[in-house]
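Accompanying notes for the structure given below.
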Amino acid sequence: MAANSPLRFRDTITFAELGPKSQFTPRRPSILWARIEQSPRSARLPLTNTRSSQPAKSQASRASLPEKIGKYMIINEVGRGSTGVVYLSHDPYYGRDVAIKVYNVDTSGDENRKRIARKMFLSEAHMVGMLQHPNILPIYDAGEENGHCYIVTEHVHGARTLAAYCRPDNLLRIDDVVELVYKAARALHYAHSRGVIHRDIKPSNIMLTLDSDVRIIDFGIALVADSEISRIEGIAGSPSYMSPEQVQSIELTNRSDLYSLGAVMYELLTGTRPFRAGNLQKLLHQIVFATPPPIHTLRPEIPEELENVTAMALQKDPEKRYKTGLDFAAELTRVHQKLRAQYNRIDQQEQFSLLRKLKFFHEFSHGEIWEVLRASSWQDYGDAEEIVKEGEMDDRFYIIVQGRVGVQRHGKALGYLESGDCFGETSYVRGAKRTATINASGSVTVMKVSSTLLEQVSAECQLRFNQVFLRSMIGRLQSAERSS
Ligand SMILES: Nc1ncnc2c1ncn2[C@@H]1O[C@H](COP(=O)(O)OP(=O)(O)OP(=O)(O)O)[C@@H](O)[C@H]1O
Ligand SMILES: [Mg+2]
């Protein structure tokens, strides 16, 4: 252990005292688990898994798959990192799936050193096991088998880590990055206020669930199994996210984690780490003395406020950083609100540009298009999805923005409508039922205009809308008559 490890000052607990059963209060089945299974998926964050969450397929790993660890049945390997191997396992007592991380064995050092390291490991696992926060991966149990320490945690179905989103060709939307870092900052604040410093915040230690929620993993424990010195020497992991005080082995405080989170945010925003050097010595020198390239030089659309937040987190002097994770999170909230407003404006601008091109809106002034846009909502449909059902009542007009829909009456196909066409004429008559069923033919975007909301736009706009709508209905009727 490095001299600055907070574990040095903590009372160690003997293995017997820490007997897995007595000390680790198993939690109720996670609510998060239910959310992962049931909640709708995020619209923007991609949902693909990273390589490490796939079961390992190599012959070697299959051959070495243990049948059981402690009382847990091993199902398959879900990931392998610099400090250990993670297995999907089954807890027969609670009848739930769990993940078991088995740490690599440090073969160096004498028996006494190993014994102390084991105690520290279990003590640390116990401390982290006490944390209960939605964005911290819960630890259910810990133990040791055949000289390998292991922890038992929630199994995150289809997990991926933030490492997948650090590549310049796979960056997340800026507001998504802010939201993820905000959650991580709050989770760190929670842990810090309970005396736990993570000490190894990096993209691969922040996991995302299937619905893109954050789970911080590897709290402190990895560093017990593997000394910070060996990490710095490049044996396990990269020191790129370590704070200046950490690489100098000066005593660590909570603010070291906030620096590391700042480094993660920098990379998520730009696709590059704050410092890059040809060798370790140069890298450490840069972490202590250099200023990272300004973010806007790498991604110009990043707002100045967000650049300032990142720079503040990456201050060399811990005293100049955010005091707590909560302060960090509060600043991110302010940036997030501005970004959301900006994105809404961008989304609406895009919608406006699309509408202007549709024949339905050719006679509308810009102001009138904006009025209709505000009285509408947009919806995407997949192939064969039902948009309108014959016989139902509903007060909306529909305009096809993109794609094609099929029209059916009494189960008989009547034809297709294309982008720029409208339907929903029955909304002109209060209490009237839909006379046809409309299904998407391929993917379709429709704009739904509520007749109630339309009554609130200017009289000119209403008139224009009604004229165009009726004209296109009459045109459709005439062409139907011609073809019959
Ligand atoms: N609880 C879990 N549920 C599902 N998958 C997990 C879980 N914990 C870890 N994994 C998967 O296993 C991989 C390796 O795990 P982990 O990060 O703990 O290893 P590590 O030794 O700390 O490596 P690194 O240094 O890259 O962080 C992760 O990238 C993740 O995909
Ligand atoms: Mg890890």
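Please give the net charge around HIS285, taking every other residue with its beta carbon less than 14 angstrom from that of HIS285, where Lys and Arg add +1 and Asp and Glu add -1. Neighbour charge sum, excluding HIS285 itself: +3. Please give the length that would be gained between HIS157 and GLU455 if that part of the chain were fully extended, namely 0.36 nm times their separation in residues minus their C-alpha to C-alpha distance (nm, one decimal). Stretched out fully, the HIS157 to GLU455 stretch lengthens by 102.5 nm. For LEU65 and TYR416, what is the calculated FRET efficiency with R₀ set at 60 Å and r taken between the beta-carbons, to the nearest 0.05? Rounded to the nearest 0.05, the efficiency is 0.65. From least to most packed, judged by other beta carbons within 10 angstrom and beginning with the fewest, LYS71, LYS433 follow the order LYS433, LYS71. About its Cα centre, the range 348-483 has a charge dipole of approximately 340 debye under the convention of +1 per Lys or Arg Cβ and -1 per Asp or Glu Cβ, with nothing else charged. The modelled label-to-label distance for the pair ILE474/GLU363, using points 7 Å beyond Cα in the direction of Cβ, is 0.9 nm.
To the nearest 0.05, what FRET efficiency results for ALA277 and THR297 with a Förster distance of 22 Å applied to their C-beta separation?
0.75
Placing a label point 7 Å from the Cα of SER193 along the Cα-to-Cβ line, the residues of the range 307-345 whose backbone N sits under 16 Å from it are 323-331.
Every number here is computed from the coordinates shown, using simple stated rules; none is lab data. Bear in mind the structure is a predicted one, so any value in this text is a computation, not a measurement. No Cβ is skipped: glycine too gets one built from the backbone with ideal geometry, and neighbour counts run over all protein chains shown.
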